[in-house]
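Have a look at the structure below, then the notes.
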Amino acid sequence: MKNKNNNSGFTLIEMLVSVGIFAIFSVAIIGIYISALRASRQTIALSQAQQEAQLIVTALAKKIRFSSIDYQYYEDNGGMLANESRLALVDPDGTHYLFLVSDQNLYVVSATASVPIPSERIDVQNLNFVIVPTTNPFSVSAAPAEQPRVTMAMTIAANNVPNMPQIIIQQTIPQRVGGF
């Protein structure tokens, strides 16, 4: 009688090698998945921050278009700088408004209140206004040489995702209201 050895299974070395290869591939795939998930979250947060910033810019642009620049405010405060951190406006009904950034929030200051413009997803890092012309172009004796316009540059950062790049939004808004 013959004694047959049936060696149809795997050896311990073969099993350890295959488990090791499986572990290496699993770690690599999980690392790629985590990186893709992190990138997706950052992209969504960046998109949401841009949308919120655009809403703020749109609201400011509407206010600038239908108001007049308060040149008297700048004359009373030492003259207008080339790059202002505050924007003073007068509504058609005569209400004075001042837009400024404090504690990474945008505020609208009027004679009756100082109201933050709410932003849940962004921190306003910087806000600058370039007002052209720097002196009131409207006078009784002559027609204006140019229509007033405000260039607004706002630097924001998403506040809900660490290590997000800053976003710079810039827009030039002409005024539709005269200074009379």
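Would you say LEU106 is within 20 Å of ASN160 (Cβ to Cβ), modelled with pLDDT of 85 or more and either surrounded by 18 or more Cβ atoms within 10 Å (Cβ to Cβ) or touching a Leu at 6+ places or on another chain (Cβ under 6 Å) (or both)? Answer is yes for this residue. Considering VAL132, VAL150, the condition of being within 21 Å of the chain's Cα centre (by Cα), at pLDDT 85 or above and not polar (S, T, N, Q) is satisfied by VAL150 alone. Residues that are touching a helix residue (DSSP H, G or I) at 6+ places or on another chain (Cβ under 6 Å) and closer than 14 Å to ILE56 by Cβ within region 150-165 comprise ILE156, ALA158, listed in sequence order.
Does ILE173 fit the bill of being surrounded by 12 or more Cβ atoms within 10 Å (Cβ to Cβ) and within 21 Å of ALA49 (Cβ to Cβ)?
No.
Take the conditions in contact with an Asp or Glu (Cβ under 6 Å, 6 or more places away or on another chain), hydrophobic (A, V, I, L, M, F, W, C) and over 25 Å from PRO165 (Cα atoms) and apply them to VAL90. Does it pass? Yes; evaluated as a whole, the condition is true for this residue. Considering ALA145, ALA82, the condition of being part of a loop (DSSP other than H, G, I, E, B), farther than 20 Å from ALA53 by Cβ and over 26 Å from the mean Cα position of the chain (by Cα) is satisfied by ALA145 alone. Before we move on, is LEU100 of a type in the set (A, V, I, L, M, F, W, C), closer than 23 Å to ILE168 by Cβ and either out of contact with any Lys or Arg (no Cβ under 8 Å at 6 or more places or on another chain) or assigned to a loop (DSSP other than H, G, I, E, B) (or both)? Against the criterion (of a type in the set (A, V, I, L, M, F, W, C), closer than 23 Å to ILE168 by Cβ and either out of contact with any Lys or Arg (no Cβ under 8 Å at 6 or more places or on another chain) or assigned to a loop (DSSP other than H, G, I, E, B) (or both)), LEU100 does not qualify. For region 74-96, a residue qualifies if it is buried (at least 17 other Cβ atoms within 10 Å of the Cβ) and either among the aromatic types (Phe, Trp, Tyr) or at pLDDT below 85 (or both), and the qualifying residues are TYR74, MET80, GLU84.
The values are calculated or read from the model by the stated rules, or taken from the named source; none is laboratory data. Keep in mind that this is a model prediction, so the values were computed, not measured. Reconstructed Cβ throughout: ideal geometry from the backbone, glycine too, with neighbour counts over all protein chains shown.
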